[in-house]
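> Here it is, the structure in full.
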Amino acid sequence: METTDNSISGGTFHDVVVMARDAHLHYHHPRRPVPRMSPPSVRHYVNNAPLFARMDAVWAGCRAEAVPTRMLLTGVPGIGATAAARRWLQLHQEDFPGPQLHAVLGRDSSGSPIDSVAVLESWLGILGVPKEDRPSDPGALAAFFRSWTSSGPVVVIIDGAVTTGQVAPLLPGSDESVVLITSHERLPGLVSRFDVEVLPMEPLDDGHSDELLCRVGRLTEDTRTVRQPVVRACGGIPLAVRLVGSYLASLGPEAVQELADQFEDRRTRLEAMRMADDASLSGMLDVVYRGLGADDARTYRLLGLLPTASGEVRAAQALLGAADLPTARRALRALRTANLLEQADGETFTMNRLVHDHAWRCAQDDESRQIREEALDRIVRYYVDCAECAEAALSSRWRHDPEGAYEAYARNPATDQASATRSLERQRTGLLAAVDLASSTGRHHHAWRLCQALWTFCLRGGHHADWIKALKTGLASALECGDLLAVARMHFELGFAHLDRFSSAEDDAHDARHHLEEALRLTCSPESQRAEGHRRTRSSAWEGLGLLELKRDRAQEAIACFAEALNALDGVDHPRGRALLAYHRGRAFTAMGRHDDAERELLDAHRMFGALADHYNEARTLVRLAEDRRAAGDAGRAIGALDEAVPIMRAHGPAYQQAGILLLRGDLHKAQGDGGRAVADWTAARTLYASERSIRVVDAQRRLAPEPADSELAADSELADDE
């Protein structure tokens, strides 16, 4: 039996226009922080004045025609497309006061294009859109994002696009929007389908290359003649110039002659590299890497083993086996000086993906297998520990825990819920990539444990695309481990993830049933019948099947599933699970019109949740009781249940759920002829929905409009469930 609460966390949005499919409602609220995800600008920027003039002209033309501005910056690896996009935005920073959203696309470890749906789910969370408001189908989610961003200026930066299909869902809806895309490809589909302006980026000429080399390398005029071979060898690739400039800055101007001699010597291996488009970059990376001290070279190689090109300093500490954070920071600082990475703040860092790939190659070529394996052990274990620590803080649900990690965290909590959520959000990309890393390197036990530990975070945040993808990998790893219960748990969690998303376009109903039935099959063998973990999982699978039947409006079948779930718990100490099953049965009996049975089950659930001090579910059960009493024609009892639920939810639940209760109570007051109390509840609900950036503010506004139609008052006000 799986239980979670429904807390919603996320960012905020400024000057939003909340939109329904055919209704637009503008509302105002105190100014709040605006999401600004755009990467910082680079130092020592030179050239590209003609490019920026062209970008200005495109932007001006689009504004004059009242159409979105969409530009694609394209060129060879290391050409500086992302840096150019950053610089142009910096030059116009006062023109873009609204949200700025950033995504890094490319391909995943399997070579498939990064899923844009996962990016959308993340962006909507950052914008503060409640999970309950978001559509489940990928196409509908993209349409929702366009609607949500249709009211004012928004900047979107899309780095490393590899297909037109990746970009399409991420285009905002506002005619005032500016979209900057970078890619090594021309992507003609963007031009034909979305009128994107393609802006090819050319290499730096020798003059600008020389200027950049002097700035980064702190070189003086007296080195001009001797440094020309170095300038030419960089091929006009800005990243290559920066790398060799940092190298020279660390060694001093006297190193220019030695380096120039290397480039002029056609017997060196760098000569062959001049043949390829990225030759200069590869050559410069080799030069800089060979010039690092032993400790710095080791740091560089090991960072190549990270599952992503970005991470937290604590992750680097684990990977390097550093004794403490100051030691890890010093190690990273040396690579930052060499332009091999950037540090956005004191806690995070990022490497250019091409540099990260080069570091990985160096680790394969120059590091022993034993050292690589030990580093991989440390980083995978780090991510498992982070995820399990956070999951223990976020939920008390039962987990398969062969190493006793959750028992240890229960005895000695390491963090609180708010801190746990922030930590997982910061490390989300690394955690998900670590699932693939653990699986691909044979650390299968850690792969499925990582998936299990991401349950509550993904469920609450609505990260369905990432969640389902990770769980598929976790299931494959559990099978490799041969741990029958781990396999059953992965099937159950996959089934529940599909059930929670429930997209008809993705056939989630079919997939949910398949995985839940597989979990049942695996836990019903004679040898597993008496094991508590198997029985809990069997109960959870039956519960999921019952919820699936409820979603399909088959209440009688749902009752049968919930009965099986309860039978599986016979002899298992799980009062919370029994309370939830009573709650589900109450829902089903209401749907069947058996209101006496529904009231009995919901009162039992309310009593059990109260005894557990589970106040959130206590309030939620009161809301269900009110809905049943309304359906039974007992409006007075329904209002009484909501009167009891309001203060509990105010103290223990999210604003979104509070608003739903007030909306429902206002409807009941109106039906009872008490217009004054109805208006008070609807007004309070509107304020709460507005604070949550919810499109349901429209529902409250409709009720508050002069002489609302009866059909509007009958709009569905049932709270969204997050089982």
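The values are calculated or read from the model by the stated rules, or taken from the named source; none is laboratory data. What you see is a predicted model, and the numbers here were worked out from it, not measured in a lab. In this analysis, Cβ positions are derived from the backbone assuming ideal geometry, glycine residues included, and neighbour counts consider all displayed protein chains.
> Please count how many residues of the stretch 406-438 are buried (at least 21 other Cβ atoms within 10 Å of the Cβ) and of a type in the set (S, T, N, Q).
2
> Would a scan of the stretch 509-523 turn up a residue that is farther than 23 Å from A140 by Cβ, among the hydroxyl-bearing types (S, T, Y) and in a helix (DSSP H, G or I)?
No, the stretch 509-523 contains no residue that is farther than 23 Å from A140 by Cβ, among the hydroxyl-bearing types (S, T, Y) and in a helix (DSSP H, G or I).
> Also: Applying the selection to the stretch 197-209, what residues are touching a helix residue (DSSP H, G or I) at 6+ places or on another chain (Cβ under 7 Å) and either outside any helix (DSSP H, G or I) or surrounded by fewer than 21 Cβ atoms within 10 Å (Cβ to Cβ) (or both)?
Of everything in the stretch 197-209, those that are touching a helix residue (DSSP H, G or I) at 6+ places or on another chain (Cβ under 7 Å) and either outside any helix (DSSP H, G or I) or surrounded by fewer than 21 Cβ atoms within 10 Å (Cβ to Cβ) (or both) turn out to be E197, V198, L199, M201, L204, D206.
> G311 passes all but one of (1) without any contact (Cβ under 8 Å) to a residue 12 or more places away in the chain; (2) assigned to a strand (DSSP E or B); (3) among the small types (G, A, S); which number fails?
Result: G311 fails condition (1) only.
> Name the residues in the stretch 322-333 that are surrounded by fewer than 19 Cβ atoms within 10 Å (Cβ to Cβ) and within 23 Å of D357 (Cβ to Cβ), would you?
R333
> Out of A318, A328, A334, report the one residue that is part of a helix (DSSP H, G or I), within 28 Å of the chain's Cα centre (by Cα), at pLDDT below 95 and farther than 16 Å from A240 by Cα.
Of the residues listed, the single one that is part of a helix (DSSP H, G or I), within 28 Å of the chain's Cα centre (by Cα), at pLDDT below 95 and farther than 16 Å from A240 by Cα is A328.
> Would you confirm, using the coordinates I've provided, whether E132 is part of a helix (DSSP H, G or I) and buried (at least 22 other Cβ atoms within 10 Å of the Cβ)?
Criteria not met by E132.
> May I pose another question? Six or more apart or on different chains, Cβ under 7 Å: which pairs go from a residue in the stretch 653-666 that's within 17 Å of A638 (Cα to Cα) to one that's basic (K, R) and assigned to a helix (DSSP H, G or I)? Could you list them?
Q658/R650; G666/R703
> Kindly indicate which of A519, A509, A488, A497 is small (G, A, S), surrounded by fewer than 18 Cβ atoms within 10 Å (Cβ to Cβ) and in contact (Cβ under 8 Å) with a residue 24 or more places away in the chain.
That would be A509, the only listed residue that is small (G, A, S), surrounded by fewer than 18 Cβ atoms within 10 Å (Cβ to Cβ) and in contact (Cβ under 8 Å) with a residue 24 or more places away in the chain.
> Sticking with this one: Of (1) buried (at least 21 other Cβ atoms within 10 Å of the Cβ); (2) closer than 24 Å to A240 by Cα; (3) among the polar types (S, T, N, Q), S310 satisfies all except one. Which?
(1)
> Now a separate question. Consider E527 carefully, then state whether it is assigned to a helix (DSSP H, G or I) and at pLDDT 95 or above.
Criteria not met by E527.
> Within the stretch 210-226, work out how many residues are free of Cβ contacts under 8 Å to residues at least 40 places away in the same chain, surrounded by fewer than 24 Cβ atoms within 10 Å (Cβ to Cβ) and either assigned by TED's automatic domain parsing to the domain that holds T164 or in a helix (DSSP H, G or I) (or both).
Summing the residues that are free of Cβ contacts under 8 Å to residues at least 40 places away in the same chain, surrounded by fewer than 24 Cβ atoms within 10 Å (Cβ to Cβ) and either assigned by TED's automatic domain parsing to the domain that holds T164 or in a helix (DSSP H, G or I) (or both) in the stretch 210-226 gives 8.
> Let me ask another. Given the criterion out of contact with any Cys (no Cβ under 7 Å at 6 or more places or on another chain) and on the phi > 0 side of the Ramachandran plot, identify the matching residue among A591, A560, A613.
On inspection, the qualifying residue turns out to be A613.
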